1. Residue under question is VAL241, and the condition is that it be out of contact with any Asp or Glu (no Cβ under 8 Å at 6 or more places or on another chain), assigned by TED's automatic domain parsing to the domain that holds THR187 and buried (at least 19 other Cβ atoms within 10 Å of the Cβ); does it hold?
2. Looking at the stretch 372-415, which of the residues that are basic (Lys, Arg) and free of Cβ contacts under 8 Å to residues at least 60 places away in the same chain is surrounded by the most Cβ atoms within 10 Å (Cβ to Cβ)?
3. Testing LEU203 on (1) in contact with a Ser or Thr (Cβ under 9 Å, 6 or more places away or on another chain); (2) surrounded by 22 or more Cβ atoms within 10 Å (Cβ to Cβ); (3) assigned to a helix (DSSP H, G or I), one condition comes back false. Which one is that?
4. So for the stretch 140-151 (the condition being in contact with a Gly (Cβ under 6 Å, 6 or more places away or on another chain) and farther than 25 Å from LEU3 by Cβ), does at least one residue qualify?
5. Could you run through the stretch 72-88 and say how many residues are assigned to a loop (DSSP other than H, G, I, E, B), free of Cβ contacts under 8 Å to residues at least 40 places away in the same chain and in contact with a helix residue (DSSP H, G or I) (Cβ under 9 Å, 6 or more places away or on another chain)?
6. What are the residues in the stretch 224-258 that are among the aromatic types (Phe, Trp, Tyr) and either modelled with pLDDT of 95 or more or not in a strand (DSSP E or B) (or both), if any?
7. Being part of a strand (DSSP E or B), farther than 21 Å from TYR239 by Cβ and free of Cβ contacts under 8 Å to residues at least 60 places away in the same chain: is that true of PHE319 here?
8. Collect the residues in the stretch 392-407 that are within 24 Å of the chain's Cα centre (by Cα) and at pLDDT 95 or above, keeping them in residue-number order.
Amino acid sequence: MDLNQIQRLYFLGAGGIGMSALARYMHRLGKKVAGYDRTCTPLTMELTGEGIPVHYSDDPALIPQSFRDKKNTLVVYTPALPGAHAELNYFKKAGFRLMKRAELLGEVSKGRPSVAVAGTHGKTSVSTLVAHLLATTENGCTAFLGGISKNYGSNLIMTGQNPWFVLEADEFDRSFLRLYPTHAVVTSLDADHLDIYGDHRHLQQAFNEFVSHLPPGGILLIKKGLPVECPEEIRKYTYSVKEDADFTPENREYRKGMWSFDLKTPEGRIPCLKSANLGKAGLENAVASAAVAWLLGAGTDELRSGLESFEGVKRRFDFHIRTAEVVYMDDYAHHPEELKACIEAVRDSFPGRKITGIFQPHLYTRTRDFAVDFARSLDLLDTCILVDIYPAREEPLPGVTADTIRQHMRKPDAVIRCKKEEIIPALEPLDLDVLLTLGAGDIDTRVTDIKKWLQKRFELS
């Protein structure tokens, strides 16, 4: 498809993190952009403020008249839409050109030098840090992110001459198989999205296929030990914080939330790098991101300044209060391994302090498939508040609730069950020290209220 011939794009699910980045990009190119989402959020309000109108009722009558000309309009939709979606079916019946989000991302990046960051977790943090490292170089980059960069206040970054594209490669719905990058990163390969893949083996096969999309001479950077096949014509590099690899941190030290380390590369050592990424997972992300930037030609001073100036990603180790009296942090963790890494990082950063976590499970299928693993991760908390499952695209499954996790936890007396709206009453009798909100659903809509309540309780300004 020649995107130059497309004058208008209509996004079904415009408020999604990946969809909104593409909507912003197309709008920046001068295209007319509008869309639908089922919920009004700060992100959709930002889109409207930028000149991208969004409405919130699934009603074909609300589609702007200028987007009803199928000759020059492309309809982009998220696979999370239900089959009975009225606007989607209107466009299908009228013969409009329709494209999934991942297909459009593939079209946008086709033929360009690009870095695609894949992995069942860690990809948003790594892709955002890679984008920041490249954006601060003379050439800059264009990046489509799965989170909001704190440095840029957006999930779309466009700086400099934009020769490099940074893509977050999502394995959900096999979306990343629509991408053909010149460089790829694989951060992790834990079982996930089993509603799509069936089992871990088929997920691994999809990652192998993703890597096979690299061109001859392309570069793969992979966390050492992951079972991903690499074709012979691809240049493969490894990174690790636990064992020797092509890229490893040496002389590392963690003090007051800041890592300092020397980066060992295939050609020597880069001394005195510093990164505020929290915990061992944060160090791993910093090493992977610095390795990518180094492979793309970033200099020592650029790496050093880029790492030190990185402010992070919203909802990734996102501190809202950090005082001697109380700490409050929000994180997107929604997989057992992510929860474990997050809680361990917090415990390493605040040794000896009591940690209370509020967790909202995401998806009935994920809760069913990983209930025991969720329980083991949440057992790392001193007190756990479990709220109801966020369904997203799914219908309820018989017998699957947040209690499915609770029944496997080893400290049932340390678990509190409540609805999302009942969180603050559940917190009131607790002795709070370090508080976390965790999950990928809409738990973040309670962050502001929780923060205000904590500020009042602890008499913080």
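The values are calculated or read from the model by the stated rules, or taken from the named source; none is laboratory data. Note that the coordinates shown come from a computational prediction; the quantities given were computed from them, not determined experimentally. Please note: Cβ atoms are built from the backbone with ideal geometry, for glycine as well, and neighbour counts cover all protein chains shown.
1. Working: out of contact with any Asp or Glu (no Cβ under 8 Å at 6 or more places or on another chain): no; assigned by TED's automatic domain parsing to the domain that holds THR187: yes; buried (at least 19 other Cβ atoms within 10 Å of the Cβ): yes.
Here the answer is no, as VAL241 does not meet what is asked.
2. ARG406
3. Exception for LEU203: condition (2).
4. Scanning the stretch 140-151, I find at least one residue that is in contact with a Gly (Cβ under 6 Å, 6 or more places away or on another chain) and farther than 25 Å from LEU3 by Cβ, so the answer is yes.
5. Qualifying residue count, the stretch 72-88: 1.
6. Correct list: TYR237, TYR239, PHE247.
7. The answer is yes for PHE319.
8. Matches in the stretch 392-407: ALA402, ILE405.
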